[in-house]
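The values are calculated or read from the model by the stated rules, or taken from the named source; none is laboratory data. What you see is a predicted model; the values in this text were computed from it and never measured. Note that each Cβ is placed from the backbone with ideal geometry, even for glycine, and that neighbours are counted across all protein chains shown. With ligands, DNA and RNA removed, areas are computed over all heavy atoms of the protein, side chains included. Shrake-Rupley method; radii C 1.70, N 1.55, O 1.52, S 1.80 Å.
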Amino acid sequence: MNVLVTAGPTREYFDEVWFLSNPSSGRTGFAIARVFADAGHDVTLVSGPTCLSAPVGVKFVPVTSTCELRDAVTQHVADAEVVIMAAAPVDYRPACPQAGKMKKTADKMLVELVRNPDILKGIGRNKGARILIGFALEAADLRSNALRKLTEKHLDLIVANSPSAFGGDRTSVEILGPGGVVDILDDVSKEELAGRLLDLVGNLSGGR
């Protein structure tokens, strides 16, 4: 199968130096891309800035901003039979980025932010026969918020986790489907999570 995976954070620059971002390491998305490629699938990995090397056998597409992530996903999604959106894109960007470097001229600074596109929701609206998997990072009401996103974005599965997942080699998640809880993985490696998603994608593709 052709598999499209996203990974890592995005960056939204105020100027040529300062930016908004988050602590995503990209490890989950890179692990997913590697496990699916090792299983013989054709994998395209679109990733924001990380310190990780692209997995062997994977088509790697580096991006920086959320809009660049959207454009790359739009370019590659037409060929994808499976889309796994593990990236952590920044939700807002500065309305008017400045050239050069902003100078300290006052004790306070007000910056106007505008909302970034919801990439996963856009794919869900035109999902077709694709298997679509998203991630939900929630600080509270993890399961209920994740299930709401699963429905709103027309997902087959959603992986729900907490901010503690950022940066580490291990994670604890709930994998949810339209019928509720599919699996709960506690303190597993991100490769183990990727392997479980590989199994679930196999189950979903076999039923279509």
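On the basis of being open to solvent by less than 40 Å² (accessible area, probe 1.4 Å) and over 16 Å from the mean Cα position of the chain (by Cα), does residue 100 make the cut? Explain how you work it out, then say what you get.
Working: open to solvent by less than 40 Å² (accessible area, probe 1.4 Å): yes; over 16 Å from the mean Cα position of the chain (by Cα): yes.
For residue 100, the condition - open to solvent by less than 40 Å² (accessible area, probe 1.4 Å) and over 16 Å from the mean Cα position of the chain (by Cα) - is met.
Going by what's in this entry, would residue 202 be described as without any contact (Cβ under 8 Å) to a residue 60 or more places away in the chain, open to solvent by less than 70 Å² (accessible area, probe 1.4 Å) and on the phi > 0 side of the Ramachandran plot? Please lay out each step first, then the result.
On the way: without any contact (Cβ under 8 Å) to a residue 60 or more places away in the chain: yes; open to solvent by less than 70 Å² (accessible area, probe 1.4 Å): yes; on the phi > 0 side of the Ramachandran plot: no.
No, not satisfied.
Going through region 131-165 one residue at a time, which ones are crowded, with 18+ Cβ neighbours inside 10 Å, out of contact with any Lys or Arg (no Cβ under 8 Å at 6 or more places or on another chain) and among the basic types (Lys, Arg)?
Of everything in region 131-165, just one residue is crowded, with 18+ Cβ neighbours inside 10 Å, out of contact with any Lys or Arg (no Cβ under 8 Å at 6 or more places or on another chain) and among the basic types (Lys, Arg), namely 149.
Might you let me know whether region 133-147 holds any residue that is under 20 Å from residue 25 (Cα atoms), hydrophobic (A, V, I, L, M, F, W, C), modelled with pLDDT of 95 or more and touching a Gly at 6+ places or on another chain (Cβ under 8 Å)? If you could, list the steps in order and put the result at the bottom.
Step one: filter region 133-147 for residues under 20 Å from residue 25 (Cα atoms), giving 133-139.
Narrowing further to those that are hydrophobic (A, V, I, L, M, F, W, C): 133, 135-137, 139.
Then keep just the ones that are modelled with pLDDT of 95 or more; that gives 133, 135.
With the extra rule that they be touching a Gly at 6+ places or on another chain (Cβ under 8 Å), the set shrinks to none.
No, because not a single residue in region 133-147 is under 20 Å from residue 25 (Cα atoms), hydrophobic (A, V, I, L, M, F, W, C), modelled with pLDDT of 95 or more and touching a Gly at 6+ places or on another chain (Cβ under 8 Å).
Which of the residues spanning region 28-56 are under 11 Å from the mean Cα position of the chain (by Cα) and not hydrophobic (A, V, I, L, M, F, W, C)?
28, 29, 47, 48
Okay, residues lined up against (1) touching a strand residue (DSSP E or B) at 6+ places or on another chain (Cβ under 8 Å); (2) among the basic types (Lys, Arg):
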{"position": "35", "(1), (2)": "no, no"}
{"position": "77", "(1), (2)": "yes, no"}
{"position": "86", "(1), (2)": "yes, no"}
{"position": "90", "(1), (2)": "yes, no"}
{"position": "98", "(1), (2)": "no, no"}
{"position": "108", "(1), (2)": "no, yes"}
{"position": "121", "(1), (2)": "no, yes"}
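Go over the candidates 31, 78 one by one and state the one that is among the hydrophobic types (A, V, I, L, M, F, W, C) and in contact (Cβ under 8 Å) with a residue 24 or more places away in the chain.
Numbers: 78 fails: in contact (Cβ under 8 Å) with a residue 24 or more places away in the chain.
None of the other options fit; the residue is 31.
May I ask you to list the residues in region 153-181 that are touching a helix residue (DSSP H, G or I) at 6+ places or on another chain (Cβ under 8 Å), within 14 Å of residue 138 (Cβ to Cβ) and in a loop (DSSP other than H, G, I, E, B)?
162, the sole residue that qualifies.
Of the conditions (1) open to solvent by 30 Å² or more (accessible area, probe 1.4 Å); (2) more than 15 Å from the chain's Cα centre (by Cα); (3) of a type in the set (Gly, Ala, Ser), residue 189 fails just one. Which one is it?
It is condition (1) that residue 189 fails.
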